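The values are calculated or read from the model by the stated rules, or taken from the named source; none is laboratory data. This structure is a prediction, so every number in the text was calculated from the model and none was measured. In this analysis, Cβ positions are derived from the backbone assuming ideal geometry, glycine residues included, and neighbour counts consider all displayed protein chains.
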Amino acid sequence: MSEALPTADAPPPIEVAAGLVFRDRKLLISRRRAQDHLGGLWEFPGGKREREETFEQCLRRELHEELGVHVEVGALLESITHDYPGKRVLLRFFRCRLAAGEPEPRPLGCAAVAWVGLADLARYDFPAADARLLERVRNDAGLWVD
């Protein structure tokens, strides 16, 4: 799906950076708080980009705020534009790793965190915007190798 440009009657997309953090063949996911948009669903941790930030800076800030960890941001894995009722989001997903010596991620700005293996990933409900990336994650065993 290509990134669509906003039309005169449509607002620009909400820009979001999200991280795929792998460790020991497990993937870090977080659960949205019940009161948030798409509350209760699981997601790849991240958040909205502020105007002065790059997507990579946004991701480092968001994972520190939400999970209390510092990460090294790696390669861009996927860029997806998705339309929800009343809003469009542009999601950029980056491969990340926890910085050396970081504590376990904890749910500071989310409801829960979990490390999940490939076999268990299908048991978690994710937002519709993540469908294409989830398919890639399920079918690319190379992503799961640290």
Could you say whether any residue in the range 81-103 is part of a strand (DSSP E or B), of a type in the set (Lys, Arg), farther than 21 Å from Trp144 by Cα and modelled with pLDDT under 95?
yes
Have a look at Glu62, Glu50, Glu78 and point out the one that is assigned to a strand (DSSP E or B), among the charged types (D, E, K, R) and modelled with pLDDT of 95 or more.
Glu78
Residue hits (the range 81-102; surrounded by fewer than 19 Cβ atoms within 10 Å (Cβ to Cβ), touching a strand residue (DSSP E or B) at 6+ places or on another chain (Cβ under 7 Å) and closer than 21 Å to Pro12 by Cβ) are Thr81, His82, Lys87, Arg88, Val89
Gly117 is checked against (1) surrounded by 15 or more Cβ atoms within 10 Å (Cβ to Cβ); (2) at pLDDT 95 or above and fails just one. What number does that condition carry?
(1)
Suppose we keep only residues that are at pLDDT 65 or above and loosely packed, with under 10 Cβ neighbours inside 10 Å within the range 1-26. Which one would you say is farthest from Ala131 (Cα to Cα)?
Asp9
Sort out which residues of the range 127-146 are touching a residue at least 12 places away in the same chain (Cβ under 8 Å) and surrounded by 11 or more Cβ atoms within 10 Å (Cβ to Cβ), and write them in order of number.
Pro127, Ala128, Ala129, Asp130, Arg132, Leu133, Leu134, Arg136, Val137, Arg138, Leu143, Trp144
The correct count of residues that are surrounded by fewer than 16 Cβ atoms within 10 Å (Cβ to Cβ) and either in contact (Cβ under 8 Å) with a residue 60 or more places away in the chain or within 19 Å of Pro11 (Cα to Cα) (or both) in the range 53-80 is 1
Filtered residues of the range 112-126 (kept if farther than 19 Å from Asp36 by Cα and in contact (Cβ under 8 Å) with a residue 12 or more places away in the chain):
Trp115, Val116, Gly117, Leu118, Leu121, Ala122
Just one of the numbered conditions (1) in contact (Cβ under 8 Å) with a residue 24 or more places away in the chain; (2) assigned to a loop (DSSP other than H, G, I, E, B); (3) surrounded by 16 or more Cβ atoms within 10 Å (Cβ to Cβ) is not true of Ala34; which one?
(3)
Tally up the residues in the range 116-146 that are under 19 Å from Val73 (Cα atoms) and of a type in the set (S, T, N, Q), please.
0
